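Chemist: Quick one: this structure, given as structure tokens, is what I'll be asking you about.
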Amino acid sequence: MYRRTLLSTAAALALGLGLPAAAQDDPMKVGFIYVGPIGDGGWTYTHNEGRLAVEEHFGDAVETVYQESVPEGADAARAMTQMALSGADMIFATSFGYMDQVLEVAAQFPDVTFEHATGYKQAENVATYSARFYEGRAVIGHIAGRMTETNTVGYIASYPIPEVIRGINSAYIHAKKANPDVEFRVVWAYTWFDPAKEADAASALIEQGADVILQHTDSTAPLAAAESAGDVIGFGQASDMAEYKPSPRVSSILDIWGPYYIDRIEAVMDGTWESGDTWHGIGEGMVGIGEITEAVPEEVRAEALALKERIASGEYHPFTGPLNKQDGTPWLAEGETADDGTLLGMDFYVEGLTGEIPN
Amino acid sequence: MDLATIQPAILIASLMVSSTPILLAALGEMVVERAGVLNLGVEGMMITGAVSGFAVAINSGSPALGFLGAAAAGAALSLAFAVLTQFLLSNHVATGLALTLAGLGLSALVGKPYEGMKAPTLPKLDLGPLAEIPFLGRVLFSHDVMVYASLALVAAVWAVLRFTRAGLILRAVGESAEAAHALGYDVVRVRVLAILFGGALAGLGGAYISLVRVPQWTEGMTAGAGWIALAIVVFASWRAGWVLVGAYLFGGVTVLQLNLQAAGAAVPVALLSAAPYLVTILVLVIISARGLQGAPAALGRSFHASG
């Protein structure tokens, strides 16, 4: 933590010194706060792709700045304050753990517009946005269930927050539908990005018999571990991770932020921006499914694509009853679908998953 | 819960692999600190080693050359630290931190073209019948050469510091630079050599992450390992044997808790993750209660031969 404090302070200082406050008729300045390095090949990489899409779309009308590897917690407040002081008109904070700091800084800078990814607390000048990744996880869960031969699927989870729990549940439900014998092993890595630890977690799961690895961490290290183990497959997370095609990476969940960022920046320019919560999925194009490679049998690919289409059209909701909670209590009745409120605060496993969610 | 699926032999073998990077880096830093220099740039030197080793291994096709390149790159970066602190007498702490920032930035820049590439990895040594021994074979005789090299280095550093004249001089410089100077030893030269050694080992540790443990290049991939190495030096109270214990303990607890989770054991994850830090605090309390400080007396102080 010490290192990161120093890093972010130094970077914030550099930012503050290097970029004098913008005058009125300057281009609109948009800041991005990233939780990992752009080169993580995953989560932060995709947000930066969104930022590049903004630059390309607006040209000289928008100037973007960003800060990488900003730790969640108090340091994020410092980074955002520096960004606001150096003239940013709008700030995208792209990790769940920035939530309280976003609200704190937003209260001090009422003229700056904030957008917080994957959070659930809004304010007058703070909107939240997220993607329905669980829709993508339903599709790869289906592939995982069909592809596993040991009937053991390993899942590298990051932190026990609703977003991650939702993903585990969605993947499990659809793996189970495809293969009633499937069993999930979940490892909580307590990090979004630590390639060495992610590789260790993947190896531990593979040693325990998992032959499909799902991940909710940001680096490509689990795919590297799957590759060196041989007969193990995995999926790209956040970005396509195409360098591991055709196997171990057999498909991927893609985060596509660019169109949303462009929309929201335009809204600020027009003065039509309003706080709110946006939650888009495959249908709106915020979540994509990367190419399903030839390592997946044609039949399974067709099933996965059909599932994707049904989700995109709204015909099918990944959380459709009958579903019970882990302890056997009924959650959704036959044909009932989960409401967004429950999904956003999800803190329980569905029936069939083993293990406990750490607090 | 299915603990029977955890095999102790595999567990110990994988903890040795996952501890090797911090072991190498901590050992190097221990030598640096015994010479009275506090180099907080371990993280920066590790990541520089990681990217250089990866790049050299890809371009040459040889992981061995990769490790050599990593050691050279780590030492080269530490040379900057040596020049600043030993000749220009800059503050050790500030310079070390700057070194980390520089290393992280430099490695991101150099590593850009190597993202997503695959390097040749280090093969396991073929020790023939030894590897067939039940349990011990898997634990001790199934590793790549760097694991053995790191253990040999621990023994070598221990022996040199304890039994040789060179080791005595190094310790003298670290305890009292003035006294060593008065005896006619070249304090600055000894310190520069120690810094270069520390840089080379940190580079090797970094390359072990990018070439063996992960193996790939990803920006920022050392993810704080250098800081753990620094903590281990304190934990070990500047002794080679304890550096080994500390590194294996840190690596071991990490691997153990991941394996327990994968096996479906109901373990309090947060508690296990905090365990190495709790043990460190405990050890520090015991050390200070026994009145043994362990830290070299001249640690972090600049020396200039005036007059």
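The values are calculated or read from the model by the stated rules, or taken from the named source; none is laboratory data. What you are looking at is a predicted structure, and each value in this text was computed from that prediction instead of being measured. Note that we place each Cβ from the backbone using ideal geometry, even for glycine, and neighbour counts take in every protein chain shown. The accessibility values were calculated without ligands, DNA or RNA, using every heavy atom of the protein model including side chains. Shrake-Rupley method; radii C 1.70, N 1.55, O 1.52, S 1.80 Å.
Chemist: Over all directions, how big on average is the projection of the convex hull of the alpha-carbon atoms in the stretch B:3-289, in square nanometres? Show your work: numbers first, answer last.
Modeler: Values: hull surface 67.1 nm².
Averaged projected area of the stretch B:3-289's Cα convex hull equals 16.8 nm².
Chemist: Enumerate the calculated ³J(HN,Hα) couplings along the stretch B:223-235 in order (Karplus 6.51 cos²θ - 1.76 cosθ + 1.60, θ = phi - 60°), each rounded to whole Hz, writing x wherever the residue is Gly or Pro.
Modeler: 6, x, 4, x, 6, 5, 4, 4, 5, 5, 4, 5, 3
Chemist: What is the distance, in nm, between label points placed 7 Å from the Cα along the Cα-to-Cβ direction at B:A289 and at A:E356?
Modeler: Modelled inter-label distance: 3.1 nm.
Chemist: Assign unit charges at the C-beta atoms only (+1 for Lys and Arg, -1 for Asp and Glu), then state the dipole size of the stretch B:3-289 relative to its Cα centre in Debye, rounded to the nearest 20. Kindly include the intermediate steps, with their values, before the conclusion.
Modeler: Values: 12 positive and 11 negative charges, 46 e Å.
Computed about the Cα centre, the dipole is about 220 debye.
Chemist: While we're on this one: Please average, across the residues of B:221-227, the number of beta carbons from any other chain that are within 10 Å of each residue's own beta carbon, and give a whole number.
Modeler: Working: counts 11, 3, 11, 8, 3, 1, 4.
Neighbouring Cβ atoms belonging to other protein chains average 6 per residue here.
Chemist: Over all alpha-carbon pairs of the stretch A:99-174, lay out the pair-distance distribution in 10 Å bins, whole %, shortest bin first.
Modeler: 18, 35, 23, 16, 8, 1
Chemist: Let me cross-check A:D327: its accessible surface, 1.4 Å probe, with only protein heavy atoms counted, in Å² to the nearest 10?
Modeler: Number for this one is 120 Å².
Chemist: Report the residues of the stretch B:75-103 in range of a label on A:L85: point 7 Å along Cα→C-beta, backbone N strictly under 12 Å from it.
Modeler: none
Chemist: Additional query: Largest first, please: the extent of the C-alpha atoms of chain A along each principal axis, to the nearest Å.
Modeler: Projected onto the principal axes, the Cα atoms of chain A cover 63, 42, 37 Å.
Chemist: Then there is this: Per residue in the stretch A:207-227, which ones lose no less than 50 Å² of accessible surface when going from chain alone to all protein chains (1.4 Å probe)?
Modeler: So the qualifying set is A:E207, A:Q208.
Chemist: Just in the stretch A:68-138: which GluC sites (Glu not before Pro) are loop by DSSP and have at most 13 other Cβ atoms within 10 Å? Don't skip to the answer; put the middle values down first.
Modeler: Details: sites: A:E68, A:E72, A:E104, A:E115, A:E124, A:E135; in loops: A:E68, A:E72, A:E124.
Filter output for the stretch A:68-138: A:E124.
Chemist: In the protein assembly as shown, if the dipole is taken from +1 on Lys/Arg beta carbons and -1 on Asp/Glu beta carbons about the Cα centre, which of A:A221, A:H116, B:F87 is farthest to the positive end?
Modeler: After comparing all options, I get B:F87.
Chemist: Which parts of the stretch B:71-106, residue by residue, lose 50 Å² or more of accessible area when the rest of the protein chains are there, as against the chain isolated (1.4 Å probe)?
Modeler: At a threshold of 50 Å² (probe 1.4 Å), the residues of the stretch B:71-106 that become less exposed are B:L101.
Chemist: If you don't mind, another one. Order B:221-228, A:197-204 from most to least packed using the mean count of other Cβ atoms within 10 Å.
Modeler: Numbers: B:221-228: 26.0, A:197-204: 28.9.
Those peptides, ordered most packed to least, come out A:197-204, B:221-228.
Chemist: Now a separate question. Once the Cα atoms of the protein assembly as shown are picked out, what are the Rg and Dmax in Å?
Modeler: Taking only Cα atoms of the protein assembly as shown, I get Rg and Dmax of 26.0, 90 Å.
Chemist: Another question, then. What does the net charge come to around A:A312 if you take all other residues with beta carbon closer than 10 Å to its beta carbon, with K and R at +1 and D and E at -1? It would help to have the intermediate numbers written out before the result.
Modeler: Values: positive: A:K308, A:R310; negative: A:E135, A:E284, A:E309, A:E315.
With Lys, Arg at +1 and Asp, Glu at -1, the net is -2.
Chemist: Per the Kirkwood formula on distinct C-alpha pairs, the Rh of the stretch A:228-359 is how many angstrom? Please list the in-between numbers first.
Modeler: On the way: mean 1/r = 0.0559 Å⁻¹.
Every distinct Cα pair counted, the radius reaches 17.9 Å.
Chemist: Can I ask one more? Measure nothing but the geometry: give the 0 to 90° angle between the long axis through the Cα atoms of B:145-163 and the longest principal axis through the Cα atoms of chain B, rounded to 10°.
Modeler: Roughly 30 degrees, rounded to the nearest 10.
Chemist: Nearest 5 is fine: what % of DSSP beta bridges in chain A come out antiparallel, could you say? Each step should come with its number before you reach the end.
Modeler: On the way: 9 of 48 bridges.
Bridges in chain A that DSSP calls antiparallel: roughly 20 percent.
Chemist: Looking at the protein assembly as shown only, what percent of DSSP beta bridges run antiparallel? Nearest 5 please.
Modeler: Numbers: 10 of 49 bridges.
Approximately 20 percent, going by the DSSP bridge assignments.
Chemist: Let me know the mean shielding of B:143-156 by other chains, meaning the per-residue number of their Cβ atoms within 10 Å of its Cβ.
Modeler: On the way: counts 0, 0, 0, 0, 0, 0, 0, 0, 0, 0, 0, 0, 0, 0.
Rounded to a whole number, the mean comes out at 0.
Chemist: Could you sort the peptides B:92-98, B:193-199, A:298-304, A:175-181 by per-residue average Cβ neighbour count (10 Å cutoff), highest mean leading?
Modeler: Those peptides, ordered most packed to least, come out B:193-199, B:92-98, A:175-181, A:298-304.
Chemist: Given a 1.4 Å probe and every protein chain left where it sits, what share in percent of the accessible area of the stretch B:5-74 is carbon and sulfur? Present the calculation step by step, with values, prior to reporting the outcome.
Modeler: Values: 1090 of 1480 Å².
Here it works out to 74 percent.
Chemist: At 4 °C and 1.567 mPa s, grab the translational diffusion coefficient of the stretch B:1-141 from Stokes-Einstein with a Kirkwood Rh over Cα pairs, rounded to a whole number in µm² per second. Show your work: numbers first, answer last.
Modeler: Values: Rh = 17.3 Å.
The calculation lands on 75 µm²/s.
Chemist: Related question: Is there a simple number for the mean count of other chain Cβ atoms within 10 Å of the Cβ of residues in A:243-255, and what is it?
Modeler: Details: counts 5, 3, 0, 0, 0, 0, 0, 0, 0, 0, 0, 0, 0.
The per-residue average across the peptide is 1.
Chemist: So, one more: What's the buried accessible area, both sides, between A and B using a 1.4 Å probe, rounded to 100 Å²? Don't jump to the answer; show the numbers that get you there.
Modeler: Numbers: alone 14710 and 13890 Å², together 25720 Å².
Summing both sides, the interface buries roughly 2900 Å².
Chemist: I would also like to ask the following. Compute the helix-to-body angle for A:258-270: its Cα long axis versus the longest principal axis of chain A, expressed 0 to 90° and rounded to tens.
Modeler: Roughly 30 degrees between the two axes.
Chemist: Then there is this: Which of the residue pairs A:K176/A:K245; A:K121/A:K308; A:K177/A:K308; A:K29/B:K112; A:K245/B:K112 have a Cα-Cα distance greater than 22 Å in the structure shown?
Modeler: Values: A:K176/A:K245 25 Å; A:K121/A:K308 30 Å; A:K177/A:K308 15 Å; A:K29/B:K112 27 Å; A:K245/B:K112 20 Å.
Those over the limit are A:K176/A:K245; A:K121/A:K308; A:K29/B:K112.
Chemist: Further question: Relative to the longest principal axis of chain B, what angle (0 to 90°, nearest 10) does the C-alpha long axis of helix B:8-34 take?
Modeler: That works out to roughly 10 degrees.
Chemist: Per residue, how much accessible surface does chain B expose to a 1.4 Å probe? Answer in Å², no decimals. Mind showing how you got there, number by number?
Modeler: Numbers: 12430 Å² over 307 residues.
Here the residues of chain B average 40 Å² of exposed surface.
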